[in-house]
Amino acid sequence: MSTALLVEGLRKCYGAVVAVDDVGFDVAEGEIFGLIGPNGSGKTTTAECAQALRRPDSGRVRVFGVDPHEQRGAVRRLIGSQLQESTLPDRITVGEAVHLFASLAPDPVDEPGLIAEWGLSAKRGAAFSSLSGGQRQRLFVALALVSRPRLVFLDEMTTGLDPAARREAWRLIERVRADGATIVLVTHFMDEVERLCDRVAVLVNGRIVEVDTPAGLIERRGGGSVVRLSAPAALDTGGLRALPGVADVTCHDGVIEVRGSARSVTALGHWLVVRGYGDTGLRVSQGSLEDAYLSLVAAAREES
Ligand SMILES: Nc1ncnc2c1ncn2[C@@H]1O[C@H](COP(=O)(O)OP(=O)(O)OP(=O)(O)O)[C@@H](O)[C@H]1O
Ligand SMILES: [Mg+2]
């Protein structure tokens, strides 16, 4: 599988503000790659430098092997882009905007089909200024896809969309990927990351602190599984700590909490049974991606 996007040693400052510092990652063709991180952590700057919309102070970007700053025209034809901050002239209609973008593309998608997919058929003749926030957002995503891009950047694609529209957007994005596109998705929604992203990079203060699959992040950073049980008086918590996959054991108010990988749950169950602790009211829950993300961000902020 070839590399759709390569970013190496990217650095971008705005005056004294270091927005992005030594950021590097690669995105394989056909992958959905997430960029997540707190407000102001450099996600949009990274995405815009990768698209040659901003010139980095240093670092290397390659889009399908091509330097987008050197061969702007060629690379622009490969990229579809929904920006976090976009606008259109007030009086342009939905149909005209899609037609305008389609007329610039060598092999555009079917215009009415695209408008229908993004739930805008009833607004085809409506002026941009009359659209609601969510309708504008859907139009911008549709415009990013009109040229059948091979690499799509979506910066907060579903911000402002209602729950049904969000799910529909996910389904459509999965289809765009199934048709062969590579997608870079900037988002604050962890359910979106879990549903769509093959891998995700976490940015904190302009630096990447982790790149992993969503499941890998949960496993390693979210504590994975959490087992709670009522503590029999004689139970040896040191023995629990030594079990395979166990990351942490805490005990308060007679309740023991064991955090660890999925493996720790089976090891713990076995350990309890062979010691005759049958009735401990054991409950298992799964750490969420949001837990993992928050703990990762907190740890990175403490270190910096
Ligand atoms: N045009 C600009 N001029 C000056 N500073 C900027 C500019 N754009 C971004 N910054 C600063 O660069 C840093 C990174 O901003 P960026 O927009 O890349 O963050 P982000 O991760 O996309 O945030 P958000 O989640 O809020 O969209 C921030 O400190 C921001 O204030
Ligand atoms: Mg942003």
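Taking the condition within 25 Å of E31 (Cα to Cα) and in contact (Cβ under 8 Å) with a residue 12 or more places away in the chain, does L104 pass?
It is false that L104 is within 25 Å of E31 (Cα to Cα) and in contact (Cβ under 8 Å) with a residue 12 or more places away in the chain.
Filter the range 14-24 down to residues that are out of contact with any helix residue (DSSP H, G or I) (no Cβ under 8 Å at 6 or more places or on another chain), among the aliphatic types (A, V, I, L, M) and part of a strand (DSSP E or B) and give me whichever is farthest from ligand 1 (Cβ to nearest atom).
The residue in question is V18.
Condition check ((1) among the aromatic types (F, W, Y); (2) surrounded by 17 or more Cβ atoms within 10 Å (Cβ to Cβ); (3) more than 23 Å from E194 (Cα to Cα); (4) within 16 Å of ligand 2 (Cβ to nearest atom)) across all residues:
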position	(1), (2), (3), (4)
R91	no, no, yes, no
W118	yes, yes, no, no
L131	no, yes, yes, no
L151	no, yes, no, no
L161	no, yes, no, no
R171	no, no, no, no
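I need a count of the residues in the range 184-206 that are more than 16 Å from ligand 2 (Cβ to nearest atom) and in contact with a strand residue (DSSP E or B) (Cβ under 6 Å, 6 or more places away or on another chain).
Residues in the range 184-206 being more than 16 Å from ligand 2 (Cβ to nearest atom) and in contact with a strand residue (DSSP E or B) (Cβ under 6 Å, 6 or more places away or on another chain): 4 in total.
Do you know which residues across the range 187-223 are in contact with an Asp or Glu (Cβ under 6 Å, 6 or more places away or on another chain), surrounded by fewer than 21 Cβ atoms within 10 Å (Cβ to Cβ) and within 26 Å of S58 (Cβ to Cβ)?
R207 - this is the single residue of the range 187-223 that is in contact with an Asp or Glu (Cβ under 6 Å, 6 or more places away or on another chain), surrounded by fewer than 21 Cβ atoms within 10 Å (Cβ to Cβ) and within 26 Å of S58 (Cβ to Cβ).
A quick yes/no check of all residues on (1) at pLDDT below 95; (2) away from ligand 2 (no atom under 16 Å from the Cβ); (3) in a strand (DSSP E or B):
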{"position": "K12", "(1), (2), (3)": "no, no, yes"}
{"position": "D26", "(1), (2), (3)": "no, yes, yes"}
{"position": "N39", "(1), (2), (3)": "no, no, no"}
{"position": "T45", "(1), (2), (3)": "no, no, no"}
{"position": "G59", "(1), (2), (3)": "no, yes, yes"}
{"position": "R62", "(1), (2), (3)": "no, yes, yes"}
{"position": "V75", "(1), (2), (3)": "yes, yes, no"}
{"position": "H99", "(1), (2), (3)": "no, yes, no"}
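Yes/no matrix, rows are residues, columns are (1) without any contact (Cβ under 8 Å) to a residue 24 or more places away in the chain; (2) away from ligand 1 (no atom under 16 Å from the Cβ):
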{"residue": "V27", "(1), (2)": "no, yes"}
{"residue": "G40", "(1), (2)": "yes, no"}
{"residue": "R54", "(1), (2)": "no, no"}
{"residue": "R62", "(1), (2)": "no, yes"}
{"residue": "E85", "(1), (2)": "yes, no"}
{"residue": "A97", "(1), (2)": "no, yes"}
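Is there a residue being out of contact with any Phe, Trp or Tyr (no Cβ under 9 Å at 6 or more places or on another chain), of a type in the set (D, E, K, R) and crowded, with 20+ Cβ neighbours inside 10 Å anywhere in the range 233-245?
No, there is no match, as no residue in the range 233-245 is out of contact with any Phe, Trp or Tyr (no Cβ under 9 Å at 6 or more places or on another chain), of a type in the set (D, E, K, R) and crowded, with 20+ Cβ neighbours inside 10 Å.
The values are calculated or read from the model by the stated rules, or taken from the named source; none is laboratory data. Note that the structure is predicted; figures quoted are calculated from it, not measured. Methodologically, a virtual Cβ is constructed for each residue, glycine included, from the backbone with ideal geometry; neighbour enumeration extends over all protein chains shown.
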